[in-house]
Structure formats: structure tokens, C-alpha cells
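Trainee: After the C-alpha cells below, expect a handful of questions from me.
Read-outs throughout are calculated quantities, based only on the coordinates presented, and are distinct from any laboratory measurement. Given the structure is predicted, the values throughout are model-derived calculations rather than measurements. We place every Cβ from the backbone using ideal geometry, glycine too, and count neighbours over all the protein chains shown.
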Amino acid sequence: MTVTSSEAAASAVAVDTVLQGFFAERRADALAIGPGFAAAVAELEGYVLRGGKRVRPAFARAGWIGAGGDASGPDAEAVLHCCTALELLHASALIHDDIIDASLTRRGFPAAHVTFADRHRSRGWAGDPETFGAGAAILVGDLAQAWADDMIHMSGLPADAKTRLAPVWSAIRTEVLAGQLLDLTAEASGDEDIDSALRVNRYKTASYTVERPLHLGAAIAGADLGLVAAYRTYGVNIGIAFQLRDDLLGVFGDPAVTGKPSGDDLREGKRTVLFATALQRAAASDPAGAEFLRAKIGTDISDGELAAMRAVIEATGAVDHIERDIARRTDRALTVLRTSSATAEAKDQLAAMAISATQRVS
């Protein structure tokens with residue numbers, strides 16, 4: 001996701017600098033605990049710094065600036081640390097998500113649980129490598145969330161700003177876990193309801209990717225309720241549109257660009273809005289196609305079966321429907337943004353981010 005090349009680069013560099021400093025400060029303490037823990041922390045550091053678009057900190061900082069935050073003021077560095085904490089929370093969610101989905105890769109590299117399993121196997125340790133890998137990754141993901149809290153608490157924000165952001169930070173953490181549980185339940189139960197899939201999108205993605213980061217920045221700045229409401233409306237719509245784009249990429253994306261195997265969402269059994277829409281439409285117009293989708297979702301499908309599933313999904317018109325919904329949600333968000341009390345600078349930045357988030361290819 002990009003805003004403009006210069007803005008995106010500057011934002012990513014600033015976030016990476018904070019993350020590098022944060023991990024550097026913790027190396028000695030980690031080593032003092034033990035070399036095994038230090039090695040796990042090093043893996044977490046590499047995982048966090050290896051890639052990512054730094055979308056969440058960018059939205060949080062834009063929310064702060066839009067509510068009157070001064071990018072050159074005395075609180076700017078503390079705000080940057082609070083925004084950067086979202087990257088550690090994001091790392092925690094990704095690490096756990098890959099375990100739940102049994103995903104082997106992340107951003108073109110082995111997933112964390114795969115890396116830990118490979119380490120166990122290469123050193124000839126006792127027990128099952130996969131069990132060790134999952135356990136180690138769970139703990140490292142938990143550590144990332146704990147350290148996200150630390151980054152917030154140690155940011156140096158004034159006490160009144162910390163008080164305002166506390167309930168928003170709590171909501172972010174709760175909602176991303178709730179969304180993950182809803183997603184897991186939908187897959188296990190074979191939920192075919194479109195509204196259920198949208199609910200997962202709202203809480204697993206939209207909340208902690210766009211809506212709550214904007215809310216966090218607004219809370220730090222002491223924004224009024226009207227601007228908070230506008231931010232949240234923008235955030236829900238862009239956040240869901242962001243995930244709808246992800247749904248399309250998860251089925252039709254280019255692995256060389258996305259960093260994930262093609263069709264992974266179908267193999268993992270993801271009950272996305274795209275799949276639910278295609279299934280509902282196929283049930284009415286192509287019952288055999290609907291049964292084929294039901295039978296193959298969540299299985300080790302072959303390349304030929306993947307092509308056939310894609311063909312059924314496209315034939316229902318579900319792809320075009322999702323594209324129209326992305327466009328509608330983007331227009332709704334931009335309309336709310338234009339009429340809000342956000343600063344002109346933030347409006348321009350958030351408008352660019354909305355387009356980038358919803359039209360991305362990875």
C-alpha cells in the first residue's frame with residue numbers, strides 16, 4: 001500500500017527506526033534470560049523488520065494529524081512510538097494466524113512456526129518438530145503483543161493522552177482476537193452466511209487495520225466525537241474494502257506479487273465474503289458448481305481443481321459483485337472524509353491511502 005512515494009517511504013523509515021531501536025534495547029535483557037530466549041527474540045526481530053507495508057501506523061498517525069496533531073511538536077516522537085506499537089500487534093496476529101491456518105509462508109519467507117520447527121529438526125532435538133514449532137511461535141506471538149503494550153506504556157505520552165487512548169487500545173486488542181475466533185469458528189462450522197463473513201472482516205481486519213488506528217490517533221489528539229465518528233465510518237468501509245481486495249487476491253492473486261501460494265484461501269478453507277457470495281449464487285444457478293465448491297473448500301486441491309473452482313466463482317458473477325462493493329465502500333468512505341473536520345493535510349493523505357488500500361495487487 002502506498003500513499004505517495006515520498007510519504008510512504010518516510011513513514012516506513014520512521015517506523016522501522018523505532019522498531020530497530022526497540023529491539024536493540026531488549027537484546028541484552030533477552031540474552032541475560034538465556035540464549036534460547038535471545039534466539040527467539042532475534043527471530044521475532046527479523047520477522048517484524050523483514051517486510052510489511054506499515055499501513056496501521058500510517059493510519060494512526062494520519063488520524064492524529066487530522067485531529068490537530070503537530071508533526072513537528074513536542075509529542076511527535078511519543079505519538080510515533082504509539083503508532084509503531086501497532087506493528088508489533090500486527091506481527092502477533094500474523095504469527096498466530098499462520099499457525100491456525102497451517103500456512104507455510106509469510107511474505108515469501110517461511111512462517112514463524114515453520115522456522116522454529118526447522119530449527120528443532122536441524123539440531124536433532126527430542127520430540128516432534130512441528131509441535132515445538134507451533135509452541136515456540138505461539139509464545140513469540142504472545143511476546144510481540146506484550147511488547148506492543150510496553151511500547152504504548154513507555155512512549156512518553158502525557159498522562160491525559162494515555163488515559164484517552166487506553167480504551168481504544170483495549171478495543172483493538174480485543175476485536176482482533178474476536179475476529180480471529182469468529183474466522184476459526186466459521187471455517188470449522190462451514191458457515192455459508194455472507195453476513196457472518198462480513199462480521200469476520202469487520203473485526204479481524206477492518207478494526208485493527210484502519211478503523212481503530214485512526215481512532216487511536218484521534219484519541220491521542222483529543223478529537224471531538226464528530227471527527228471520531230467520521231474516522232470510524234471511513235475506517236470500517238476502507239477496512240472491509242481492504243479485506244475484500246485481499247479475498248480476491250487470495251483466490252486470483254499472483255504468488256510472485258502476493259508472497260502467498262495461489263489459491264491459498266481455498267485450500268485453507270477460508271469462509272470469505274467472495275466464497276460465500278459465489279456459493280449463494282451458484283446454489284441458485286449452478287447446483288453442481290455449488291456442491292463442487294463445498295466439497296473442495298479446505299482440502300488439498302490440485303492445480304486443476306483450483307482452476308475449476310475459480311471458473312465456478314467467476315461464472316456466478318461474484319467477482320464483479322465484490323469489485324462493485326469495494327467501489328461503493330470506497331466512495332462512501334471518501335464522502336464521509338470530505339465532509340469531516342479533519343485537517344486538509346490528513347484528508348489528502350487518507351484519500352490517497354483509501355485508493356491504495358482498495359486497488360492494491362499484494
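Trainee: Size of the dipole of region 1-133 about the Cα centre, Lys and Arg at +1 and Asp and Glu at -1 on the beta carbon, nothing else charged, in debye to 20?
Mentor: In debye, rounded to 20, region 1-133 gives about 280.
Trainee: In terms of modelled amide H atoms, which long-range or inter-chain residues lie less than 5 Å from the amide H of Arg106?
Mentor: Those lying under 5 Å, H to H, from Arg106 are Ala111.
Trainee: If you rank Glu87, Glu77 by fewest surrounding Cβ atoms within 10 Å, what's the result?
Mentor: Glu77, Glu87
Trainee: For region 67-218, what is one quarter of the convex hull surface built on the Cα atoms, given in nm²?
Mentor: 11.4 nm²
Trainee: Would you work out which of Thr299, Gly289, Ala71 lies farthest towards the positive end of the dipole of region 5-358, given +1 charges on the beta-carbon of Lys and Arg and -1 on that of Asp and Glu, about the Cα centre?
Mentor: Going by the Cα projections, it comes out as Ala71.
Trainee: Ranked by Cβ crowding within 10 angstrom, fewest neighbours first, how are Thr105, Thr84, Thr330 ordered?
Mentor: The order, fewest Cβ neighbours first, is Thr105, Thr330, Thr84.
Trainee: Report D for region 271-362 in µm² per second (integer): Stokes-Einstein, Kirkwood Rh on Cα pairs, 4 °C, 1.567 mPa s.
Mentor: Answer from the Stokes-Einstein relation: 84 µm²/s.
Trainee: So what is the calculated 222 nm ellipticity per residue for the chain, using -39500 (n - 2.57) for each DSSP H run with n of 4 or more, over all residues, to the nearest 500 deg cm²/dmol?
Mentor: Roughly -25000 deg cm²/dmol at 222 nm, from the helical runs in the chain.
Trainee: Let me check against my output: what whole-number percent is the relative contact order of the chain, with C-alpha pairs under 8 Å and at least 6 apart?
Mentor: 21 percent
Trainee: Can you check how the C-alpha radius of gyration of region 14-151 compares to 2.2 N^0.38 Å, as a plain ratio?
Mentor: The value comes to 1.15.
Trainee: Can you give me the Cα centroid spacing of region 52-69 and region 193-265 in angstrom?
Mentor: 14 Å
Trainee: Continuing with this model, one more query. Arrange the following residues from fewest to most other Cβ atoms within 10 Å of their Cβ: Ile33, Ile238, Ile355, Ile297.
Mentor: If I rank by nearby Cβ atoms, fewest first, I get Ile33, Ile355, Ile297, Ile238.
Trainee: What percentage of all Cα-Cα pairs in the chain are separated by more than 31 Å?
Mentor: 36 percent
Trainee: Place a +1 charge on the Cβ of each Lys and Arg in region 5-358 and a -1 charge on the Cβ of each Asp and Glu, then give the dipole magnitude about the Cα centre in debye, rounded to the nearest 20.
Mentor: 420 debye
Trainee: Can you run phi through the Karplus equation (6.51, -1.76, 1.60; θ = phi - 60°) for region 202-212 and list ³J(HN,Hα) in whole Hz, with x for Gly and Pro?
Mentor: Working through the residues one at a time gives 4, 8, 7, 10, 4, 4, 8, 8, 10, 4, 6 Hz.
Trainee: Find the Rg to Rh ratio for region 211-345, where Rh is the Kirkwood radius over alpha-carbon pairs and Rg uses the same atoms.
Mentor: 1.11
Trainee: Are there any trypsin sites (Lys or Arg not before Pro) in region 66-156 that are in a DSSP loop and have at most 16 other Cβ atoms within 10 Å? List them by number.
Mentor: Arg107, Arg123
Trainee: Show me 224-232, 260-268 ranked by packing, highest mean number of other Cβ atoms within 10 Å first.
Mentor: 260-268, 224-232
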